[in-house]
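Read the structure below first, then the notes.
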Amino acid sequence: MLPEDEIKFKKLGISSPLQLALIVPSSYEDLNLYTALRPDCYGVFDATVVSVSRTLKTIIVELFCHNINQSLQAVFFTPKPYILRQFTLNERYFLYGKITCNNNIYSLVQPKKVTKIGSILSKYKTKLRTDVMRRLHEKYTTVPNLLSYGLKLEIAQAIYELHFPQKLTDISCVSKSVRFTKGQLRALKYLELFVMLKQLSRKRKYLKAVHQLASDYKPWLKTLPFTLTPEQLQAIQDIRKDFAKQTAARRMIIGDVGSGKTMVMFASVLMARPYRTVLMAPTTLLANQLYEEAQKFLPDIKVVLVTGKSVKKDLQEYDFIIATHAILYRPLPKIDLIMIDEQHRFGTAQRNLLNKLVKHENSGAHFLQFSATPIPRTQAMVQSAYIDVSLIDSTPFKKDITSKVVHKQDFKALLEHITSEIKQQHQVLLVYPLVQKSEVFAYQSIEEALFFWQSRFDNVHITHGKDKDKEKVLRDFRDNGDLLIATTVVEVGISLPRLSTVVIVGAERLGLSTLHQLRGRVSRNGLRGYCFLFTYQDNSKRLEQFCQTDNGFDIAKLDLKFRKSGDILTGVHQSGLEFKWVDLGEDEEIIKEVQKDLKHYHE
């Protein structure tokens, strides 16, 4: 690419001809001679000047149009003097403009002279002039060039024809706007996915594994007091295949709340023996919880807990280190498997330190990420270009949770329900949108609601995101509390076995995935659960549909539908994926096709 073209690409915010091909025309100029008069249509006319007259605000040029064999007038509003000099009596010109019709008089409004007829010119709305854009496309958006990047012929031709059409549909002509055919739209979706998957695959890092891990986990399965689900077993098998390769594993395991990701973690620890594993959790509460589970289910493994407050020990002695981010600031023995729970909850600096932990000189530790935020299957397919993905889309037991949208008039019944649950030694969580009062917000804050709840119930606990003691509050609540008032800080966190009810105030303000995470706090151990979505909105289709399903992957698909795709890859690897043409809720077949074609291209 020439340096001057690189500058133009930079102005457009792109780096490749494939990205250029995705910058499509905003409109077209059809410079073919027009054959019939239609109002609000743009066209070219072969016209001879019959007369020229001027009023205070207009210049009117009477024309005889040879291509339609009738008279027409060209009208110029608030004209500049040079326009009079452009037209000479009895001279013949090609004029391009918009046709209007008033009182059966056809006019050509503000026409311009053209010399190059018989073609269709694409027009672009970018930081570059439309003629500069056209020249760039003429140079780079050719079928041979598109083919050289791995696009198949049918897509390359469809994209080329978008920029250099031979003819326009009547709709495009009349509206002077771009309305792509189904075939053209499909080609744009294909190209957008093709570009995105290529970009993601280039970001993917392949490291030689320090060791291939191959210990057997199956005898351990027989010691468990329950049977793992097919999805749990499949995720373990995916990891086993990764561990057997010479390249270090880089996989994300995504499972709904309560889907049993912990057992997949423990199976991975067993497969890694005799080598060492580190599991990093985002909070001390979660790290403690995982440590207690490990002691229970991995009695033959030497496990240690490392937090900011734990006594420093010689970690060489342990096979399995469960830790918070405190581990990143301590001297570590050699590690062959690193697992991260909810990596997106760690800061950028911590993730950078983690990357150093993963990499050795010319090799790397196996790396597994776990997330309790389900994503649509289509998103997982796209994401797999960057990192291998396993989905656990079922739970070991069916949760019994009733979800309901409630309003002001339902508050008395809601209060009776809360009282009844607390009498049964069950716990209740109230999630408020704000900690302090706001003049512009309709809903009460924690500060405003606190007196009401404390005056009616004992053992009321309060916490929020800025509360330095939130982990202690959650522990105290778990052990002795009846009612917890909080913000969404409890979205992911401590297991609360007695929690039966969650009430989410101003529920319409939250994404469906967040609502699902909050709902996932209840009914953890088979207890009957309730989720109440409190809103001032009379109707909320989104919240009503949320109440119809408790499957996190279905919820993620619903969220995608209501959010219209947008930025789909957040947190776990910061890829910032946005689609203009692709609909991740609908385009699974095109994703499969692009994946298959890219695989063949690389082979």
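The values are calculated or read from the model by the stated rules, or taken from the named source; none is laboratory data. Being a predicted model, the structure only gives us computed values, none of them experimental. Positions of Cβ are generated from backbone atoms using ideal geometry, with glycine treated the same way; all protein chains shown enter the neighbour counts.
Observations, loosely collected:
- When I68, I83, I99, I59 are screened for being surrounded by fewer than 17 Cβ atoms within 10 Å (Cβ to Cβ), in contact (Cβ under 8 Å) with a residue 12 or more places away in the chain and not aromatic (F, W, Y), only I83 passes.
- Test result for T78, over 27 Å from R129 (Cβ atoms) and exposed (fewer than 12 other Cβ atoms within 10 Å of the Cβ): no
- Yes/no for L415 being surrounded by 14 or more Cβ atoms within 10 Å (Cβ to Cβ) and either assigned to a strand (DSSP E or B) or of a type outside the set (K, R) (or both): no
- For the residues V503, V522, the requirement of being modelled with pLDDT under 90, closer than 24 Å to K408 by Cα and not in a helix (DSSP H, G or I) singles out V522.
- Every residue from segment 421-443 that is closer than 15 Å to L499 by Cβ and in a loop (DSSP other than H, G, I, E, B): Q424, Q425, H426
- Residue within segment 381-398 that is more than 30 Å from R273 (Cβ to Cβ), of a type in the set (K, R), in contact (Cβ under 8 Å) with a residue 60 or more places away in the chain and loosely packed, with under 14 Cβ neighbours inside 10 Å present: no
- Lone unmet requirement of (1) hydrophobic (A, V, I, L, M, F, W, C); (2) in contact with a helix residue (DSSP H, G or I) (Cβ under 8 Å, 6 or more places away or on another chain); (3) free of Cβ contacts under 8 Å to residues at least 24 places away in the same chain for A349: (2)
Conditions (1) part of a helix (DSSP H, G or I); (2) surrounded by 13 or more Cβ atoms within 10 Å (Cβ to Cβ), marked per residue:
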site: R179; (1), (2): no, no
site: L185; (1), (2): yes, yes
site: F194; (1), (2): yes, yes
site: D216; (1), (2): no, no
site: P219; (1), (2): yes, no
site: K222; (1), (2): yes, no
site: A235; (1), (2): yes, yes
site: S259; (1), (2): no, yes
site: M265; (1), (2): yes, yes
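- Candidates D479, D469 - the one that is surrounded by fewer than 17 Cβ atoms within 10 Å (Cβ to Cβ) and under 30 Å from P225 (Cα atoms): D479
- Set side by side, the residues T501, T514 differ, and just one is closer than 17 Å to I418 by Cα, in contact (Cβ under 8 Å) with a residue 12 or more places away in the chain and hydroxyl-bearing (S, T, Y), which is T501.
- Residue match in segment 341-362 (condition: assigned by TED's automatic domain parsing to the domain that holds A249, in a helix (DSSP H, G or I) and more than 31 Å from the chain's Cα centre (by Cα)): no
- Boolean, V502 is surrounded by 18 or more Cβ atoms within 10 Å (Cβ to Cβ), within 32 Å of the chain's Cα centre (by Cα) and either in the same structural domain as A372 (by TED's automatic domain parsing) or of a type in the set (A, V, I, L, M, F, W, C) (or both): yes
- All positions within segment 517-531 that are among the polar types (S, T, N, Q) and over 13 Å from G552 (Cα atoms): S523, N525
- In segment 235-257, the residues that are assigned by TED's automatic domain parsing to the domain that holds A365 reach residues that are in a loop (DSSP other than H, G, I, E, B) and of a type in the set (F, W, Y) with C-beta atoms within less than 7 angstrom, at least six apart or across chains, in these pairs: I236/Y217; T247/Y206.
- Segment 239-257, residues that are more than 17 Å from I375 (Cβ to Cβ) and either within 20 Å of the chain's Cα centre (by Cα) or part of a helix (DSSP H, G or I) (or both): I239, R240, K241, D242, F243, A244
- Within segment 278-294, not a single residue is part of a helix (DSSP H, G or I) and in contact with a Phe, Trp or Tyr (Cβ under 6 Å, 6 or more places away or on another chain).
- Test: L328 is part of a loop (DSSP other than H, G, I, E, B), assigned by TED's automatic domain parsing to the domain that holds A244, surrounded by fewer than 20 Cβ atoms within 10 Å (Cβ to Cβ) and in contact (Cβ under 8 Å) with a residue 24 or more places away in the chain: no
- Qualifying residue in segment 202-214 (condition: part of a helix (DSSP H, G or I), out of contact with any strand residue (DSSP E or B) (no Cβ under 6 Å at 6 or more places or on another chain) and surrounded by fewer than 18 Cβ atoms within 10 Å (Cβ to Cβ)): yes
- Test: residue in segment 24-42 that is basic (K, R) and at pLDDT 85 or above: no
- Cross-chain or 6+ apart pairs with Cβ under 7 Å, segment 407-432 first and in the same structural domain as T488 (by TED's automatic domain parsing), then among the small types (G, A, S) and at pLDDT below 95: E421/S500; H426/S500; Q427/G481; Q427/S500; L429/A486; V431/A486; Y432/S445; Y432/A449
- Filter pass, Y106 being surrounded by 11 or more Cβ atoms within 10 Å (Cβ to Cβ), outside the structural domain of S71 (by TED's automatic domain parsing) and among the aromatic types (F, W, Y): no
- Any hit, segment 136-147, residues being assigned by TED's automatic domain parsing to the domain that holds Q19, surrounded by fewer than 13 Cβ atoms within 10 Å (Cβ to Cβ) and modelled with pLDDT of 85 or more: yes
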